[in-house]
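The structure appears below as structure tokens.
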Amino acid sequence: MDVIEWLLDSDPAIRWQVMRDLTDAPEEQVEAERARVASEGWGARLLALQRPDGQWDGGVPTFTSTAAANWWQSLPPERRGTLFPEWTSTTWSLMLLQAFGLDPSSAGARHAVRLVREHCRWEHDGEPFFAGEVEPCINGRTVAIGAYFGEDVEPIVARLLGEQMSDGGWNCEQENGSTRGSFHTTIDVLEGLLEYERATGGSPDVTAARLRGQEYLLERRMLRRLSTGEVIDQDRKTNRPAAWTQFSYPTYWHYDVLRGLDYLRAAGATPDERVAEAIDLVESKRDADGRWPLENPHPGQLHFAIDEGEGRPSRWNSLRAKRVLKWYEHTPRSVSSRSGSASTG
């Protein structure tokens, strides 16, 4: 079985994207396959797990401090389960439905989003879900989800534009004194702004901010420190060794090189020499069968498995790697790319 056949031998959530991005399937066949996400496989299974109060998981998160656990217990019921627990809360469940390509106009999507809009509140201060909260990493993800599912997230976008840092990035630790952007936060915001542009047409200010953020990644060649040129080996957010050269899925809020490249592809960016090293890294991970493994799965709870497990060939990583390489190989190069467009990919 060749790699395309192997990818197609999967859930509708993967099949329709393979058909769109890696084959010459007619658009009507792609859309017919995508429509199955709402009624079959992972998409239907995840929709069925939503509770009547709009949340997905009412379980108790595992916190590393007593203070955090006590804070959680003090919250009213409507503020439990929006961001925590990772990765079965409402935020990450909606993120998965978006990643699966659930049709926003489907009855299942409209019902699920209505319940979230009417009932779900952020743990931070009880803000309505689609109003966002205070951290740009969370708000970037909320913009991506809200824009995709047709919700009004313009006030969050305006806030994010005002929080962009002088280096072009964003950082959830800015309120605590950080003066530099973060790869993690920046990719969350970039994906959100791109989805907002697709949904609304955007504005010159939104596009300019997104392209500045895109340059933040490119100036660092997707994985290096700007100050020294060294590969980033320590993650300041987690205080652990950086794992950005390992390809996880789902990525949740975490940055890695494949996620960054897939954003550039989706944004219609023109590849230049600054992505060459990252592309070489992607190519180096392809096995003899033309597949890519799952690496570094992020610890946390799962609704159900959507891949074969760490170290095994991953359909999600293989799909994303193959479409990134196709983008790189088929898009004319530029010496330095400082433009991009909100494509539909």
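Brief remarks on what is shown
- Within a Gaussian network of the chain (alpha carbon springs, distance under 10 Å), most fluctuating of 82, 142, 228: 228
- When the chain is treated as a GNM with alpha-carbon contacts under 10 Å, the residue of 45, 79, 315 showing the greatest mean-square fluctuation is 45.
- Summing Cβ point charges (Lys, Arg +1; Asp, Glu -1) relative to the Cα centre of the stretch 217-320 gives a dipole of roughly 280 debye.
- Value of relative contact order over the chain, rounded to a whole percent, pairs C-alpha under 8 Å and six or more apart: 15
- Dipole size of the stretch 1-150 about its Cα centre, with +1 on Lys/Arg Cβ and -1 on Asp/Glu Cβ: approximately 600 debye, rounded to the nearest 20.
- Top of 300, 126, 140 by mean-square fluctuation, Gaussian network on the chain, Cα under 10 Å: 300
- Distance from the stretch 1-74 to the stretch 84-99 (C-alpha centre basis), Å: 9
- Under a 5 Å amide H cut-off, with hydrogens placed 1.01 Å from N, residue 314 pairs with 292, 294 among residues at least 5 apart or on other chains.
- About the Cα centre, charge dipole magnitude for the chain (Lys/Arg +1, Asp/Glu -1 at Cβ), debye: 220
- Taking amide hydrogens as placed 1.01 Å from N in the peptide plane, the amide H of residue 121 sits under 5 Å from that of no residue at least 5 positions away in sequence or on another chain.
- Under 14 Å from the residue 28 label point (7 Å along Cα→beta-carbon), backbone N, the stretch 96-137: none
- Note on the stretch 113-220: Kirkwood radius taken over Cα pairs, Stokes-Einstein applied at 37 °C and 0.692 mPa s, translational D equal to 239 µm² s⁻¹.
- Subtracting the Cα-Cα distance of residue 208 and residue 329 from 0.36 nm times their residue separation leaves 40.9 nm of extension gain.
- Extension gain, residue 228 to residue 64: 0.36 nm times the residue separation minus the Cα-Cα distance gives 55.7 nm.
- Site-free segments of the chain were taken between chymotrypsin sites (Phe, Trp or Tyr not before Pro) in DSSP loops having at most 15 other Cβ atoms within 10 Å, sites themselves excluded; the longest one is 64-303.
- Ordering 14, 4 by the number of other Cβ atoms within 10 Å of each residue's own Cβ, fewest first, gives 4, 14.
- Dipole orientation for the chain: of the candidates 303, 7, 113, 303 has the Cα lying most toward the positive pole (charges on Cβ; Lys, Arg +1; Asp, Glu -1).
- Ordering 23, 228, 176 by the projection of their Cα atoms onto the charge dipole of the chain, which places +1 on the Cβ of Lys and Arg and -1 on the Cβ of Asp and Glu, puts 228 at the extreme positive end.
- Estimated inter-spin distance, residue 134 and residue 175, nm [label 7 Å along Cα→Cβ]: 0.3
- With 0.36 nm allotted per residue and the present C-alpha distance subtracted, the residue 51-residue 78 stretch has 8.5 nm of extension available.
Each value in this text was obtained by applying a stated rule to the coordinates, not by laboratory testing. What you see is a predicted model, and the numbers here were worked out from it, not measured in a lab. Positions of Cβ are backbone-derived with ideal geometry, glycine not excepted, and every protein chain shown enters the neighbour counts.
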